[in-house]
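For reference, the structure is listed below as structure tokens.
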Amino acid sequence: MRTILTITLNPALDLYAEVGAIVPNEKLRIHELTLAAGGGGVNVARVVAELGGAALAVVTVGGLAGQELLAALTGRALPVVPVAIDGETRRNLTIRALGDGEEYRFIGPGPALDDHEWHEVLHAVAAVQPAPDVVVLSGSTPPGVEERFVRDLADIALARQAKLVIDTSGPTLEAATYVEPALLKPNVRELSGLTGTGLADDRSDDERIAAGAAALLARGVGAVAVSLGERGAYAVDRHGSALRVTPPPGPVLTTAGAGDSMVAGMALAMTHDLPFSEVARWGVAAGTATTIRPGGALLERRGFELVLEQLAVEHLGSPAPGE
């Protein structure tokens, strides 16, 4: 079975709570409380495993929270390569108010990594045997990680003949657009920042979204999947495929982990050598299947399969990169 290796530089212990309503200066009684290992690459690995794929998670861990995170992953029988750091693994908190259905997400800052620590992550990726078929860098980049991390990672993936998938933010995302990854997954706001196309939100003009994605292809990115929230995704690759994938209407119980699930679906489809249209479909199906799960949980395989059957796919004309 082909393997997906995920990298999480800034993992988290994710605490999810449900309360009746958010009321200031009152004691709020929790109705439901769950704790799970999270962070971009961790979530990707969990979803890949749930969908029947083989995943290996390279994760930085530090302090008591780091040990709890490792214990949570071990309980899921998910193979992990831990990289010890001096700082304390962060904690995140998501609260859902049952009265109005609103979700409040509090994201911990995470510890800084020194040069030795992030180089140890690269060494771990280079040492994994057998070589992975897909390498996924997903999640936020903690302070101290230099932009050359992503360039060195791209060199390792190339040397190991692995496809590189990147879903991150900030300067690391900017650097990623110039290392020729196989797939990049920005949201609309990130796409706007990368290309200066003036995109505002998930309902921005489709033509400008297409132009921004084409600009990234011109930099050498193999394929771009722009997540559009409830509208699904716009996806385009260097071979001229361009499509809109729209999920079926339905309730959105949470957005936590949906983007990571989308990356997992696409990465898994890539290991099956599926056409790009299927890669995009698997991504949107996985992301959507997570949004309909209660309690901050990630998708279930049956939910993914049901959503996959109901997706609407529109094949579009694609400008050549740089046009």
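The values are calculated or read from the model by the stated rules, or taken from the named source; none is laboratory data. Being a predicted model, the structure only gives us computed values, none of them experimental. Here Cβ is always computed from backbone atoms with ideal geometry, including for glycine, and neighbour counts include all displayed protein chains.
Taking the range 58-93 as the region of interest, how many residues are in contact (Cβ under 8 Å) with a residue 12 or more places away in the chain, surrounded by fewer than 22 Cβ atoms within 10 Å (Cβ to Cβ) and among the polar types (S, T, N, Q)? So the count comes out to 1.
Note on the range 51-110: residues that are under 24 Å from ILE30 (Cα atoms), more than 18 Å from the chain's Cα centre (by Cα) and part of a loop (DSSP other than H, G, I, E, B) amount to 5. Yes or no: the range 205-219 includes at least one residue that is in contact with a helix residue (DSSP H, G or I) (Cβ under 8 Å, 6 or more places away or on another chain), in contact (Cβ under 8 Å) with a residue 12 or more places away in the chain and assigned to a loop (DSSP other than H, G, I, E, B). Taking every residue of the range 205-219 in turn, none turns out to be in contact with a helix residue (DSSP H, G or I) (Cβ under 8 Å, 6 or more places away or on another chain), in contact (Cβ under 8 Å) with a residue 12 or more places away in the chain and assigned to a loop (DSSP other than H, G, I, E, B).
Taking the criterion of being buried (at least 21 other Cβ atoms within 10 Å of the Cβ), of a type in the set (D, E, K, R) and farther than 17 Å from SER140 by Cβ, the only residue of the range 1-49 that qualifies is ARG46. Only a single criterion out of (1) more than 15 Å from the chain's Cα centre (by Cα); (2) surrounded by fewer than 18 Cβ atoms within 10 Å (Cβ to Cβ); (3) assigned to a loop (DSSP other than H, G, I, E, B) is not satisfied by GLU230, namely (3).
Screening ALA280 with (1) surrounded by 24 or more Cβ atoms within 10 Å (Cβ to Cβ); (2) out of contact with any strand residue (DSSP E or B) (no Cβ under 8 Å at 6 or more places or on another chain); (3) farther than 27 Å from TYR16 by Cα gives one miss only, at (2). The set of residues in the range 94-111 being surrounded by fewer than 18 Cβ atoms within 10 Å (Cβ to Cβ) and either β-branched (Val, Ile, Thr) or modelled with pLDDT of 95 or more (or both) consists of ILE107 alone. I'd like the full set of residues that are among the β-branched types (Val, Ile, Thr) and either closer than 19 Å to TYR234 by Cα or assigned to a loop (DSSP other than H, G, I, E, B) (or both), limited to the range 251-286. Within the range 251-286, VAL252, THR254, THR255, VAL263, VAL279, VAL284 qualify. Restricting the search to helices (runs of 4 or more DSSP H) fully inside the range 130-196 and requiring at least 3 residues that are free of Cβ contacts under 8 Å to residues at least 40 places away in the same chain and among the charged types (D, E, K, R) gives 148-159.
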